[in-house]
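*Asks:* My questions all concern the structure below.
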Amino acid sequence: MSSIVRFRQELGQWLVRGLDDGLAPTALVQTMIDEHMQPAVAHAIVDAFVGARRAGVALPVDSLVIEDVNGEAPIFFREAPVMRFGASVPTSDGPVRVLARGGGPNLALVGGLLSPAECEELVALARPRLEASTVVDPQTGQDVVAGYRNSQGMFFRPGETDFIARLDRRFSEVMNLPARNGEGLQVLCYGPGGATSPHFDFVAPTNAANEASVARSGQRVSTLLAYLTDVEEGGETDFPRAGWTVQPARGNAIYFESCNTRGQLDPLSLHSGRAVVRGEKWVVTKWMRQRRFVARSA
């Protein structure tokens, strides 16, 4: 599937001047987004001009064809974030600070989501249960050791203990969705060299198992990834299409959304974990679904 995007010739001329002047493609994209162009369209147009120049072929004049992303329409309709607005988010355990926000994808940097003692307790509970990290294979739907993720990990069952239930509730309140929609908390540990290649958190509808998962619980709406340790060097969370890079800081968290209410998947939610250079990186992740989360039967 593909779509035709039309644009004014003046825009093409402006892009050519900008590239001739040495402006970075990301800067051109950001200017177009600031002028209220859909981010996916801005990226596609700039990519087309940069690619044509590199290949030495004719530049687009007033239209181009955009291939669909993961079977979804390439023009992503960006809506108001699910997470509440404001400088802080109220929770049953007190307000949680919002340090920064972004709009492509809907994203927020949260401060002090977890206390130092809570971080230490999560690490202590998770450490004896760590195993080689697995992911869902997009072709088969089976859990396999992740080729793109060099880490160890484990899952807590939702509400497994009073402590975990309290964190489930706090995370859900920050994410502004019912706790019953949340998958179990996942803890990951990365040693030196540990990294995660660019990937999406949404459930790609590429196999029967994933389709069944979405049918049971809906798509993953959002992710809240909290850092349980500082990292001496490296380990940043990077959003390459959005221009965001987040430094791990114990107790802080990064929130981002993967789909909208139309079920469209956000291409700007692509993210990665840069390699840890020195120290260890521990994180805990909560994913929220559109409906009550129902785990796959054994």
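Only the coordinates and a few stated rules stand behind these numbers; no lab work does. Fair warning: this is a prediction, and the values are worked out from it, not measured in the lab. Neighbour counts are summed over all protein chains in view; Cβ atoms, including those assigned to glycine, are modelled from backbone coordinates with ideal geometry.
*Asks:* Alpha carbons only, please: Rg and Dmax for the chain, in angstrom.
*Replies:* In order Rg, Dmax, the Cα atoms of the chain give 20.3, 63 Å.
*Asks:* Ok, one more. Using a ≥ b ≥ c from the Cα gyration tensor of region 142-248 (square roots of the eigenvalues), is it rounded, prolate or oblate, where a/c under 1.5 gives rounded and otherwise the larger of a/b and b/c decides, a/b for prolate?
*Replies:* oblate
*Asks:* Please name which of Ala42, Gln13, Tyr255 has its Cα lying farthest along the dipole of the chain towards the positive end, using unit charges on Cβ (Lys, Arg +1; Asp, Glu -1) and the Cα centre as origin.
*Replies:* Tyr255
*Asks:* Assuming R0 = 51 Å, can you tell me the calculated FRET efficiency for the pair Glu160 and Thr26, based on Cβ-Cβ distance, to the nearest 0.05?
*Replies:* Computed FRET efficiency for Glu160 and Thr26 comes out at 0.75.
*Asks:* How large is the dipole of the chain about the Cα centre if only Lys and Arg carry +1 and Asp and Glu carry -1, each at its Cβ, rounded to the nearest 20 debye?
*Replies:* Dipole about the Cα centre, nearest 20: 560 debye.
*Asks:* Taking the Cα atoms of region 2-67, what is the range of coordinates along each of the three principal axes, in descending order and whole Å?
*Replies:* Each principal axis gives a Cα extent; for region 2-67 these are 30, 28, 19 Å.
*Asks:* Which ordering of Ser269, Ser115, Ser92 is given by a fewest-first count of other beta-carbon atoms within 10 Å?
*Replies:* With the sparsest Cβ surroundings first, the list reads Ser92, Ser115, Ser269.
*Asks:* Sticking with this one: When only C-alpha pairs under 8 Å and at least 6 residues apart count, what is the relative contact order of region 88-289, in percent?
*Replies:* 27 percent
*Asks:* Just grab the label-to-label distance for Arg216 and Thr261, each label 7 Å out from Cα along the Cβ direction, in nm (one decimal).
*Replies:* Label-label distance for Arg216 and Thr261, simple model: 2.7 nm.
*Asks:* Take the Cα of Arg127, step 7 Å along the line toward its Cβ, and report every residue of region 211-239 whose backbone nitrogen sits under 12 Å from that point.
*Replies:* It comes to no residues whatsoever.
*Asks:* Could you please state, rounded to a whole Å, how far the C-alpha centre of region 177-254 is from the C-alpha centre of region 281-295?
*Replies:* 9 Å
*Asks:* Of Val276, Gly104, Asn207, which is farthest along the charge dipole of region 88-289 in the positive direction, counting Lys and Arg as +1 and Asp and Glu as -1 at C-beta?
*Replies:* Toward the positive end, the furthest listed residue is Gly104.
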